[in-house]
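First the structure, in the form of structure tokens, and then the observations on it.
Read-outs throughout are calculated quantities, based only on the coordinates presented, and are distinct from any laboratory measurement. As the structure is a prediction and not an experimental result, all values here were calculated from the model. Positions of Cβ are generated from backbone atoms using ideal geometry, with glycine treated the same way; all protein chains shown enter the neighbour counts.
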Amino acid sequence: SQQGEEDPQALSIQEGENATMNCSYKTSINNLQWYRQNSGRGLVHLILIRSNEREKHSGRLRVTLDTSKKSSSLLITASRAADTASYFCATGRTGNQFYFGTGTSLTVIP
Amino acid sequence: DTEVTQTPKHLVMGMTNKKSLKCEQHMGHRAMYWYKQKAKKPPELMFVYSYEKLSINESVPSRFSPECPNSSLLNLHLHALQPEDSALYLCASSPGSNTEAFFGQGTRLTVV
């Protein structure tokens, strides 16, 4: 399978807490991306980190990438109820294609 | 315009029908994608078009036939589908390699 593995599969936290999701993959990559999906509809791109980068920030999001361990993490700080969604990592390869991980379902309780 | 537009939003078709899904973007993106997503599963890559040419086919059955008539439009022609093909079909586009992708809202397909 081309998929990455994410853990945890499901995460439930209180509003204001931080949420951390992890992604592991098996092949070499050009980049790793994180997407959010609400209610099984379209995906929204959150952040892209290239293979030569180790950390990236965007607002309340912090992404790390460790290519030696083939793993990435997404941290959402000060979570809000509106952050409730499924989160997917996606590994970008040559030739434009990218493959999604198994996903983490995040529930933020108000 | 930063949208990827997919039509129809919902489609119910019989196993002997022929139908088409349509995807449109006007962002000048040169790569376009079809993904299939079953309930509670991640999206699975089906096809990639780069500069209007098919560059990736992930061993998709021939009952799914993609077409890229021009740089803004991507179609997925459906014929003789099975009930297990019922899923959310997502279209996406990106400027090129090593860049983010923009997704449409998907077509929810039910095969009866």
Unit charges on C-beta of K, R, D, E only; dipole of the stretch A:2-95, Debye: 340
Suppose we flag trypsin sites (Lys or Arg not before Pro) only when DSSP calls them loop and at most 11 other Cβ atoms lie within 10 Å. Which is the longest uninterrupted stretch of chain B? B:41-112
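Given an 8 Å cut-off on Cα distances and at least 6 residues of separation, report the relative contact order of chain B as a percent. Don't jump to the answer; show the numbers that get you there.
Details: 285 pairs, mean separation 41.5, N = 112.
That works out to 37 percent.
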Which cross-chain or sequence-distant (5 or more) residues have an amide H under 5 Å from the amide H of B:V12, H modelled 1.01 Å from N in plane? B:T110
Per-residue average of other protein chain Cβ atoms inside 10 Å, peptide A:83-93 -> 2
Of the listed links A:K26/B:K19; A:K26/A:K56; A:K70/B:K40; A:K26/B:K36; B:K22/B:K53, those spanning more than 28 angstrom between alpha carbons are A:K26/B:K19
Could you tell me which GluC sites (Glu not before Pro) in the stretch A:1-37 are loop residues by DSSP with no more than 16 other beta carbons within 10 angstrom of their beta carbon? A:E15, A:E17
Along the dipole axis of chain B (charges at Cβ: +1 for Lys and Arg, -1 for Asp and Glu; origin at the Cα centre), the most positive-end residue among B:P69, B:H26, B:G96 is B:P69
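Kindly state, to the nearest 0.05, the FRET efficiency for A:T94 paired with B:H79, given R0 = 22 Å and r defined as their beta-carbon distance.
0.10
With +1 assigned to the C-beta of every Lys and Arg and -1 to the C-beta of every Asp and Glu, and no other charges, what is the dipole magnitude of the stretch B:1-91 about the Cα centre in debye, to the nearest 20?
On the way: 11 positive and 9 negative charges, 52 e Å.
Roughly 260 debye for the stretch B:1-91.
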How far apart, in nm, are two points set 7 Å out from the Cα along the Cα-to-Cβ line at A:R50 and at B:T99? 1.4
Name the residue from A:Q33, A:L74, A:S86 whose Cα lies farthest towards the positive end of the charge dipole of the stretch A:3-100, charges +1 on Cβ of Lys and Arg and -1 on Cβ of Asp and Glu. A:Q33
Strictly greater than 16 Å: what percent of every Cα pair in chain A meets that? 55
Zone residues, the stretch B:1-44, relative to B:L54, backbone N less than 11 Å from point 7 Å out along Cα-to-Cβ: none
Quick test of your reading: applying the under-4.7 Å Cβ rule, which cysteines of chain B are isolated? B:C68
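Whole number please: convex hull volume per residue of the Cα set in chain B, in Å³?
On the way: hull volume 10.6 nm³, N = 112.
Per residue, the Cα convex hull of chain B comes to 95 Å³.
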Indicate the gyration tensor shape class of the protein assembly as shown (rounded, prolate or oblate), computed on the Cα atoms with a ≥ b ≥ c the square roots of the eigenvalues: a/c under 1.5 is rounded; otherwise a/b larger than b/c is prolate and the rest oblate. prolate
